[in-house]
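Chemist: Here it is: the structure, laid out below.
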Amino acid sequence: MGVPTLGCACKVCTSPDPHDRRLRPSVLLRWYDGAQQRDVVIDTGPDFRAQALNSGIARVDAVFYTHSHADHILGLDDLRPLSFIVNRESGPVPLYCSPETVAVLERIFDYTFSPHATYPTRARVRIEPLEERTPLHGVEFLRVPVMHGQLPIAGFRFGRAAYLTDVSAIPESSFPLLEGLDHLVLSALRHNPHPSHATVEQAVTWAQRIGARQTWLTHIAHELSHEQTSRTLPAGIAMAWDGLTLPVTLT
Ligand SMILES: [Zn+2]
Ligand SMILES: [Zn+2]
């Protein structure tokens with residue numbers, strides 16, 4: 001829902017700590033492919049435009065989607081100006097998504113994806129199937145299957161880092177894909193159980209099993225104060241915040 005949560009006056013929603021202001025979750029990966037800067041985004045939620053402005057994005061080379069829920073897709077239309085730039089260089093921007101996500105994107109953004117789309121300034125994007133491995137401008141994206149309630153969704157590993165959001169269960173077969181990580185970004189909604197999101201306690205248990213050098217908790221609701229929760233976390237596990245930037249080894 002984002003923090004502050006609309007209509008709420010709780011301690012976190014009214015906190016003066018900038019770490020307690022949270023837009024909907026998304027990640028930007030930026031690297032150099034020769035002299036060319038590459039910017040790849042995971043999920044374009046309703047706050048994508050604000051996040052793109054905050055991080056100085058001037059292009060987007062691809063988007064990977066974890067799943068089709070509103071907080072992860074509704075900013076797709078704001079790809080438009082960035083897609084015009086990339087389209088002039090190399091054609092429509094690839095959007096990597098599962099069949100479940102494709103079905104929702106095509107329904108909600110039919111004016112973009114319909115074969116009969118005529119809207120002249122629609123996003124210049126193309127849907128690509130999300131395979132187990134996607135090589136992209138020198139970086140390989142590995143799909144890491146996880147569960148979000150009853151919905152199988154995608155996490156991603158890239159080099160020595162991984163991003164797993166909206167997780168309620170990690171299948172046994174996904175743990176070997178997460179060995180040898182420097183950074184793991186893992187969702188933890190709150191302390192009270194939720195049918196489709198991990199609690200802080202569940203996330204800490206998985207983080208300790210996966211054993212990344214550093215785990216960052218994301219997709220945090222207004223029940224969790226950054227400062228207070230941070231003090232309770234074991235070494236090597238920390239609360240992420242909007243704008244957190246990490247150097248990661250991508251190959
Ligand atoms: Zn609140
Ligand atoms: Zn979500």
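Chemist: Counting only residues that are surrounded by 13 or more Cβ atoms within 10 Å (Cβ to Cβ) and closer than 16 Å to His148 by Cα, how many does the stretch 176-193 have?
Modeler: The total comes to 6.
Chemist: Against the condition within 16 Å of ligand 1 (Cβ to nearest atom), touching a residue at least 12 places away in the same chain (Cβ under 8 Å), hydrophobic (A, V, I, L, M, F, W, C) and touching a Ser or Thr at 6+ places or on another chain (Cβ under 9 Å), how does Ala238 come out, does it pass?
Modeler: The answer is no for Ala238.
Chemist: Here's another thing I want to ask about it. One residue is enough: does the stretch 196-218 have a residue meeting the conditions within 16 Å of ligand 1 (Cβ to nearest atom), closer than 19 Å to Ala70 by Cα and at pLDDT 95 or above?
Modeler: no
Chemist: Is it the case that some residue within the stretch 116-125 is farther than 24 Å from Leu217 by Cα, in contact with a strand residue (DSSP E or B) (Cβ under 8 Å, 6 or more places away or on another chain) and crowded, with 20+ Cβ neighbours inside 10 Å?
Modeler: Yes - at least one qualifying residue is present in the stretch 116-125.
Chemist: State all residues of the stretch 141-162 that are more than 16 Å from Val102 (Cα to Cα) and touching a residue at least 60 places away in the same chain (Cβ under 8 Å); if no residue qualifies, say none.
Modeler: Phe141, His148, Gly155, Phe156, Phe158, Gly159, Arg160, Ala161
Chemist: Among all residue pairs at least 6 apart or on different chains, which show Cβ distances below 9 Å where the first residue, located in the stretch 55-72, is over 27 Å from Leu151 (Cα atoms) and touching a residue at least 24 places away in the same chain (Cβ under 8 Å) and the second is open to solvent by 40 Å² or more (accessible area, probe 1.4 Å) and among the small types (Gly, Ala, Ser)?
Modeler: So the pair list comes out as Ser55/Gly243; Asp61/Ser90.
Chemist: Ser68 passes all but one of (1) small (Gly, Ala, Ser); (2) within 16 Å of ligand 1 (Cβ to nearest atom); (3) within 24 Å of Arg143 (Cα to Cα); which number fails?
Modeler: (2)
Chemist: Sticking with this one: When Leu105 is evaluated against the numbered criteria (1) in contact with a Ser or Thr (Cβ under 9 Å, 6 or more places away or on another chain); (2) part of a strand (DSSP E or B); (3) open to solvent by less than 50 Å² (accessible area, probe 1.4 Å), which criterion, by number, is the only one it fails?
Modeler: In the conditions (1) in contact with a Ser or Thr (Cβ under 9 Å, 6 or more places away or on another chain); (2) part of a strand (DSSP E or B); (3) open to solvent by less than 50 Å² (accessible area, probe 1.4 Å), Leu105 misses (2) alone.
Chemist: On to the next question. Condition first: more than 16 Å from ligand 1 (Cβ to nearest atom), in contact with a strand residue (DSSP E or B) (Cβ under 7 Å, 6 or more places away or on another chain), basic (Lys, Arg) and farther than 30 Å from Arg231 by Cβ. Can you find one or more residues in the stretch 97-113 that meet it?
Modeler: No.
Chemist: Hey, another quick one. So which strands (runs of 3 or more DSSP E) are wholly in the stretch 1-83 and hold at least 2 residues that are modelled with pLDDT of 95 or more, open to solvent by less than 60 Å² (accessible area, probe 1.4 Å) and within 16 Å of ligand 2 (Cβ to nearest atom)?
Modeler: Numbers: elements: 27-33, 36-42, 62-64.
Those strands (runs of 3 or more DSSP E) span 36-42, 62-64.
The values are calculated or read from the model by the stated rules, or taken from the named source; none is laboratory data. All values reported here derive from a predicted model rather than from experimental measurement. Ideal geometry is used to build each Cβ from the backbone, glycine not excepted, and the neighbour counts take in all protein chains shown. Ligands, DNA and RNA are excluded from the accessible area calculation, which covers all protein heavy atoms including side chains. Shrake-Rupley method; radii C 1.70, N 1.55, O 1.52, S 1.80 Å.
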